[in-house]
Amino acid sequence: MTFRNFIMRGILPLIGIALLLYVGKRIYMVDGVIDWFRLCLVVGIPVGLPHMFIVFPIHGETSSTVGMIVMCVIVGAVFGSVIAGYIVIRAAVYIIAYPLTTLIRALSKRKHTVYTSV
């Protein structure tokens, strides 16, 4: 594991999701209590946006088209919130694993060096 991986896959995703949660706090907090559906939308839509599938009915009316768009946004938000949870778990693994691998690498180098006295 490199320092670049530590930053790109460990630190930056956590900062991004924390910033997303901070900015969306006024949306998902209702009377001082977390509304889980809104939290799912706030976190899921930006993360799940590339994974959303939007199907427009060709011969449908306006209401069916709007209904399909809303359903696809909600389904994309649910998928996005699951993906965001995976991203947070993966980032935590990187943050925990990087110092351990660095320590193991340093200890193995130290064990293999031979000290000679002059």
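Might you check whether a residue that is surrounded by 15 or more Cβ atoms within 10 Å (Cβ to Cβ), in a helix (DSSP H, G or I) and among the basic types (Lys, Arg) occurs anywhere in region 29-48? Give the derivation first.
As a first pass, look at region 29-48 and keep what is surrounded by 15 or more Cβ atoms within 10 Å (Cβ to Cβ): 38-48.
With in a helix (DSSP H, G or I) added as a condition, the list becomes 38-48.
Subsequent filtering for residues that are among the basic types (Lys, Arg) retains 38.
The answer is yes; a qualifying residue exists.
Please determine whether any residue of region 65-86 is of a type in the set (S, T, N, Q) and within 12 Å of the chain's Cα centre (by Cα). Give the derivation first.
Restricting attention to region 65-86, the residues satisfying the condition of being of a type in the set (S, T, N, Q) are 65, 81.
Those still in the list that are within 12 Å of the chain's Cα centre (by Cα) too: 81.
Yes, region 65-86 contains a residue that is of a type in the set (S, T, N, Q) and within 12 Å of the chain's Cα centre (by Cα).
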> Is it true that some residue in region 73-96 is surrounded by fewer than 13 Cβ atoms within 10 Å (Cβ to Cβ) and not in a helix (DSSP H, G or I)?
Replying inline: no
>> Among the residues of region 1-28, what is the count of those that are closer than 15 Å to VAL42 by Cα and assigned to a helix (DSSP H, G or I)?
In response: 12
> Has region 72-87 got at least one residue that is under 30 Å from LEU103 (Cβ atoms) and in contact with a Phe, Trp or Tyr (Cβ under 6 Å, 6 or more places away or on another chain)?
Replying inline: no
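Quick note: the coordinates plus some simple rules give every number you see, no bench work behind them. The model shown is predicted, which means the values in this text are computed figures rather than measured ones. For neighbour counting, all protein chains shown are included, and Cβ atoms are generated from backbone atoms with ideal geometry for every residue, glycine included.
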